[in-house]
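Here, each number is a calculation from the coordinates, and none is a lab measurement. Everything numeric here is computed off the predicted structure, so don't read it as measured data. Note that each Cβ is placed from the backbone with ideal geometry, even for glycine, and that neighbours are counted across all protein chains shown.
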Amino acid sequence: MNIPFVSFLPLEHELNSDLRDAFDRVFASSWYIEGKEDEVFENSFADYCGSSYCVGVGNGLDALMLSLKALNIGEGDEVIVPSNTYIATALAVTYVGATPVFVEPDIRTFNINPELIEEAVTFKTKAIMPVHLYGQACDMDPIMEIAKKHGLRVVEDCAQAHGATYKGQKVGTFGDAAGFSFYPGKNLGALGDAGAVVTNDKNLADKIRALGNYGSDYKYHHIYLGNNSRLDEMQAAFLSAKLPHLDRMNEERRRIAGMYTEGIKNTKVIKPYVSPDCVPVWHIYGVRCDSRDSLEKHLNERGIGTNKHYPIPMHLQACYKDLNILKGALPIAEKISATELSLPMYYGMTHEEAQYVIDSVNEFNGD
Ligand SMILES: *Cc1c(COP(=O)(O)O)cnc(C)c1O
């Protein structure tokens, strides 16, 4: 059996005519940037999240970067980020001129450990960026409490967690602003790059919109040094076609994750822990294994696609060598990098396919 790590085919097949209609509609209008498709999608995505405002932007990195910029975070400031995340989280901080400060995750949930945040706060700290990694919400109550106590902003990185909840509340609605990515492989993906910020703060939403549109609040009036980062009409139309199916797609991912959690019995493989406060959306189903590379080889030889999230932690990436954080300094992030393996997870995976992955993991004998 051949099971890719991810496949868009089942959904694209199902929504084929809806996506073509979306294309035709935009093409017929000859209007490609800043139009009504963008507005329609923004309104429905804000509603979906339970947030007041949504601003479409070019991608997830810009969603985070523009949020920080709009909150006046920049040169000389520090922003707390998890030590285990996709590099975009830290790059957003670096791009506004601030310094990312890495805080270790809880190895069971892979998410930032709230108990370690406070000791990382200095007089330079301006914000915390919790990342709802792999589709499970961070422990938001203590995070918001610490933010409140120290007067810090909170920008949630929701790039992997569209629709995930914490204590029944959707991610993206806890902090000052939240960045989403609609990169094709995300739970809600465009047919290209796209992203959005959601917030309940009108002034912040207006500023983010202006910042993503050359700093312009009115045509040819530039009040900020802005960027070019807008959600184009074509991608907005595709996203509007997919959004009504998001909950159903997430439910399917939960079904597959449920099968994995129930079926995988190999004692050499540690399954992800789900907090009772969370309903995850399983962007990634990540297991841990001391002999991860042999497990990967074992699965690949059986036709099963896998991935590692992420093989090199950020502080050991060449681009961050100037931060001067040595190997061994963030042992939990390093341990996750060395042991995490992501199993196939996508809408449309069949029962038989999931069972084959389970059987193959259970057959793995260690080395
Ligand atoms: C994908 C991702 C981003 C960046 O999104 P892009 O749309 O690729 O720019 C940011 N943070 C996390 C955690 C991600 O997974």
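Applying the selection to the stretch 224-249, what residues are over 20 Å from VAL40 (Cβ atoms) and within 16 Å of the ligand (Cβ to nearest atom)?
ASN227, ASN228
Can you spot a residue in the stretch 258-275 that is within 16 Å of the ligand (Cβ to nearest atom) and in contact with a His (Cβ under 9 Å, 6 or more places away or on another chain)?
Taking every residue of the stretch 258-275 in turn, none turns out to be within 16 Å of the ligand (Cβ to nearest atom) and in contact with a His (Cβ under 9 Å, 6 or more places away or on another chain).
Conditions (1) assigned to a strand (DSSP E or B); (2) under 23 Å from CYS158 (Cα atoms); (3) among the acidic types (Asp, Glu); (4) in contact with a helix residue (DSSP H, G or I) (Cβ under 8 Å, 6 or more places away or on another chain), marked per residue:
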{"position": "SER294", "(1), (2), (3), (4)": "no, no, no, no"}
{"position": "TYR346", "(1), (2), (3), (4)": "no, yes, no, yes"}
{"position": "MET349", "(1), (2), (3), (4)": "no, no, no, yes"}
{"position": "TYR356", "(1), (2), (3), (4)": "no, no, no, no"}
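Condition test on PRO114, is it surrounded by fewer than 24 Cβ atoms within 10 Å (Cβ to Cβ) and away from the ligand (no atom under 11 Å from the Cβ)?
Yes; evaluated as a whole, the condition is true for this residue.
Consider the stretch 114-132. How many of its residues are assigned to a loop (DSSP other than H, G, I, E, B), of a type outside the set (Lys, Arg), farther than 21 Å from ASP62 by Cα and touching a residue at least 12 places away in the same chain (Cβ under 8 Å)?
Summing the residues that are assigned to a loop (DSSP other than H, G, I, E, B), of a type outside the set (Lys, Arg), farther than 21 Å from ASP62 by Cα and touching a residue at least 12 places away in the same chain (Cβ under 8 Å) in the stretch 114-132 gives 3.
Any chance you could count how many residues in the stretch 239-267 are crowded, with 18+ Cβ neighbours inside 10 Å and of a type in the set (D, E, K, R)?
So the answer is 3.
Which condition breaks for THR261 when tested against (1) free of Cβ contacts under 8 Å to residues at least 40 places away in the same chain; (2) touching a helix residue (DSSP H, G or I) at 6+ places or on another chain (Cβ under 7 Å)?
Single failed check for THR261: (2).
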